[in-house]
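Read the structure below first, then the notes.
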Amino acid sequence: MLVNVTPYFDGLRLIAERAGFRCSIGGTGVLQVISGTPVATLNGVFCSSPAPDPDQIGRFAAELPGTGLPWTIQLRGEPSAEVAAIASEHGLTGRHTAPYMTCGRDAFVARGSRPYAPVIRAITSARLRTYVETLTAGFEAPPDVFARMLTPQLLDAPGMTAYLAERDGIPVAAAFGVLHARHIGVFNVGTPPIFRGRGYARLIVEQVMRDGFAAGAESAYLQASKAGFPLYESMGFTTAETWTYLVAPAPQ
């Protein structure tokens, strides 16, 4: 079955460009992103074609070691022998997979409000510090990762919306929506560990999707973590494809 992954890659490119990342597009569905952050999945070669050109991947890959940043090669499905060889040449001998999931407007399953629900708002860069702190806690990330990625220009750009959920004035979850070409992309859903298990992630994702559908989106998309997969399935998302990330192996 032919899967339309254009919305995801368009959303990724828009985020990269509006956040000020280095972003280069190859002529064969290959995108190079250099975010400047020390996170492999935010730097590398991202392939929107199911059969990407190994030569283009190799050209982009050759530029990445000089950045001094961790990076990845992301593929739809399994790598070809040529791409696996390129990855191995650069020490990318580890791998992990992630499902690419989609949900049409009519398939969306929302539970809605509940007692003691947090207040969920779309925010601007005026609350950037609180937003960054919430995502940093939610992803248990190094302090500077989201500070480098989430700029005032990104939060205030058209089609880009940051969401913050607060309970009694305390931030309990965060997410990011990208609205473009009748699609709503859901990115960076994070709940600090102390607030997990209370349904806050679901409520904030529901808000991102409701706002996107109200603004004219016909479908939503996201990449799911292992922990988030059951939640997104319960909301109406289905797995369109499983993608592979070729990365440097974790230190022993």
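The values are calculated or read from the model by the stated rules, or taken from the named source; none is laboratory data. Here the structure is a predicted model, which is why all the values come from computation and not from measurement. Note that each Cβ is placed from the backbone with ideal geometry, even for glycine, and that neighbours are counted across all protein chains shown.
Scanning region 171-186 finds one or more residues that are within 21 Å of residue 38 (Cα to Cα), out of contact with any Leu (no Cβ under 6 Å at 6 or more places or on another chain) and modelled with pLDDT of 95 or more.
Taking residues in region 140-162 that are among the basic types (Lys, Arg) and surrounded by 21 or more Cβ atoms within 10 Å (Cβ to Cβ), and partners anywhere that are at pLDDT 95 or above and part of a helix (DSSP H, G or I), not one pair has Cβ atoms closer than 6 Å while being at least 6 places apart or on different chains.
With the structure loaded, tell me whether residue 77 is of a type outside the set (Val, Ile, Thr), within 20 Å of residue 7 (Cα to Cα) and in contact with a Leu (Cβ under 7 Å, 6 or more places away or on another chain) or whether it fails that test.
no
Residue under question is residue 99, and the condition is that it be within 22 Å of residue 213 (Cβ to Cβ), more than 20 Å from the chain's Cα centre (by Cα) and surrounded by 13 or more Cβ atoms within 10 Å (Cβ to Cβ); does it hold? Against the criterion (within 22 Å of residue 213 (Cβ to Cβ), more than 20 Å from the chain's Cα centre (by Cα) and surrounded by 13 or more Cβ atoms within 10 Å (Cβ to Cβ)), residue 99 does not qualify. Within region 114-139, the set of residues being exposed (fewer than 13 other Cβ atoms within 10 Å of the Cβ) and either free of Cβ contacts under 8 Å to residues at least 24 places away in the same chain or outside the structural domain of residue 204 (by TED's automatic domain parsing) (or both) comprises 115, 126, 129.
Just so you know, in region 184-200 the residues that are of a type in the set (A, V, I, L, M, F, W, C) and over 23 Å from residue 16 (Cα atoms) include one that is surrounded by the most Cβ atoms within 10 Å (Cβ to Cβ), and it is 195.
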